[in-house]
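Reading through the structure tokens given below for one structure.
All of the numbers you see were taken from the coordinates with simple rules; none came from a lab. Here the structure is a predicted model, which means the values were calculated and not measured. Every residue, glycine as well, gets a Cβ built from its backbone with ideal geometry; the counts of neighbours run over all protein chains shown.
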Amino acid sequence: MKKPDRKPRRRQEPAEQEPVPLTLLLRQRLQEFVVATGLIAVEALLEEERRATCGARYRHDPERTAFRHGHCAGELVLGGRRVGVRRPRARTRDGAEVVLPSWGAFAAEDPLDERAVEQLVVGVSTRGYGRSLEALPPSVKGRGTSKSAVSRRFVRATEEKLGEILHRRLDELDLVGLMIDGVHFADHVILVALGIDSQGRKHVLGLREGATENATACRALVVDLRERGMPTDRSIFVTLDGAKALRRAVLDVFGDFALIQRCQVHKTRNVEEQVPQAMRRHVRASMNEAYRSRAAARAKRLLENLGKRLEAEHPGAAASLAEGLDETLTVMELDLPRALERTLATTNPIDNVMGTCRRVTRNVKRWRDGAMIVRWVATGLREASRSFRRLRGHAGMPALVAALRARDARLTKTVDAQAATA
């Protein structure tokens, strides 16, 4: 029986796939490509240096001073970790190791400590450090990203930075202003001193740990500033938040040369907190009006009138307002430009520094001891100093310097007069 004719089936061509662009592949694996190529280049460079040191392979040279000595495992820093590299070796005739120039340079560059600090400052935890680094090719093995390794590097780096702050000489700075404040962590307080030079630039001068802002810790900080070269024989403008222990310490060390300004913001806040909620807006507006008046006599009169109104119903607020009132008006007696007067009337410049310290330490869950707190605060101070700008109103600094030097002349004349009559 004849089979029916079958129509030949049409072959279905496979669906044409769009080729993946080479640039996309390179972009996806760019890091791996760069790392692998770079390590190959490093090995080639080291081998070339060994050839220059030992001469060509399998060629007799009676004048050569070094010989090939195989390879050994070595490590270099790459991308925030240590990676393994085959290091070519060479030895002299007497068996001493020859350090190839490039290897010595590469091995000396150890940015791991700095990288660990930077990662932790921006909020990466020690456990998440490894995940925050760029990927390596599968053929490249890295190490040094564990929690304990990162912690050790952080401690080592921050101890070094702390030493720089604690031992820095201050006699090279032309300091005319000083601000001191404390930041609390657990049961500890860290006192920080911020200096202002004659150009309006800010400088972290020192820090001191204590259980509270007591007289001992405060005096230790100020005495340390003096011992490191801060002059105490000429007038300096000192802005404080109102802590009596700080004021006493400053006066003990600087004496009559300390021109103390109590922070107007802290004073306003202290008075506000001692009146009912309904009165706080009025009290704040009255005090701000006085502090904006530009005339110390008028400001004092307005504040004393406010104290009289508060005295009957809120004697505690009235007493708080009267306490140290004259020192909140110190800056108004110097006839400074408005912008600089407002800046020096508060501790805002050092409060901003303290805010950076709190931000840097926000991921720390448990403070083991005071040394750990000091290291972290030093890290925060360093981070804050990297973004320091000149003081707001710095154009008026010559007026402040002139006022301080005129005050020095008056003090000298008074001392001379007293000595003459003695």
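List of remarks:
- Dipole of the chain, positive end: most advanced residue of Thr347, Thr412, Pro88 [Cβ charges, Cα centre]: Pro88
- Toward the positive end of the charge dipole of the stretch 172-302, with +1 on the Cβ of Lys and Arg and -1 on the Cβ of Asp and Glu, the farthest Cα among Ser198, Ala285, Val176 is that of Ala285.
- Annotation for the stretch 327-358 versus the stretch 124-139: alpha-carbon center distance of 43 Å.
- Which labelled figure in [x] 24.7; [y] 27.4; [z] 22.1 is Kirkwood radius over Cα pairs in Å, once derived from the coordinates: [y]
- As a proxy for reagent exposure, Arg269, Arg292 were ordered by neighbouring Cβ count within 10 angstrom, fewest first; the result is Arg292, Arg269.
- In order along the stretch 364-380, the Karplus-derived 3J(HN,Hα) couplings, from 6.51 cos²θ - 1.76 cosθ + 1.60 at θ = phi - 60°, round to 6, 8, 9, 8, 6, 6, x, 4, 5, 4, 4, 4, 5, 5, 4, 5, x Hz, and Gly and Pro are given as x.
- Comparing Cα centroids, the stretch 159-190 and the stretch 49-90 end up 47 angstrom apart.
- Taking Cα centre as origin and charging only the Cβ of basic (Lys, Arg, +1) and acidic (Asp, Glu, -1) residues, the dipole magnitude of the stretch 27-159 rounds to 560 debye.
- Distances between placed amide hydrogens fall under 5 Å for Ala90 paired with His69, Val98, all partners being 5 or more residues away or on another chain.
- Gain on full extension, evaluated as 0.36 nm per residue between Ala73 and Ala278 minus their Cα-Cα distance, stands at 66.4 nm.
- Each of Asp94, Asp181, Asp197 was scored by other Cβ atoms within 10 Å of its Cβ. Arranged with the fewest first, they read Asp94, Asp197, Asp181.
- Pairs of Cα atoms nearer than 8 Å and 6+ residues apart set the relative contact order; for the stretch 27-159 it is 25 percent.
- Student exercise, the stretch 288-420 dipole from Lys, Arg, Asp, Glu Cβ charges, in Debye to nearest 20: 900 debye
- Taking every C-alpha pair closer than 8 Å and separated by at least 6 residues, the mean separation divided by the residue count of the chain gives a relative contact order of 13 percent.
- Taking the fewest neighbouring Cβ atoms within 10 Å as the starting point, the ordered list for Arg89, Arg201, Arg301 is Arg301, Arg201, Arg89.
- Furthest towards positive pole of dipole, Thr37, Tyr129, Cys357, structure part the chain, Cβ charges: Thr37
- The aspartates and glutamates whose alpha-carbon is closer than 12 Å to the alpha-carbon of Lys161, local same-chain residues fewer than 8 away aside, are Asp113, Glu114, Glu383.
- When only the Cβ of Lys, Arg, Asp and Glu is charged (+1, +1, -1, -1), the dipole of the chain relative to its Cα centre reaches about 2540 debye.
- Here the calculated FRET efficiency for Glu304 and Val223, from their Cβ-Cβ distance with R0 = 60 Å, stands at 0.95, rounded to the nearest 0.05.
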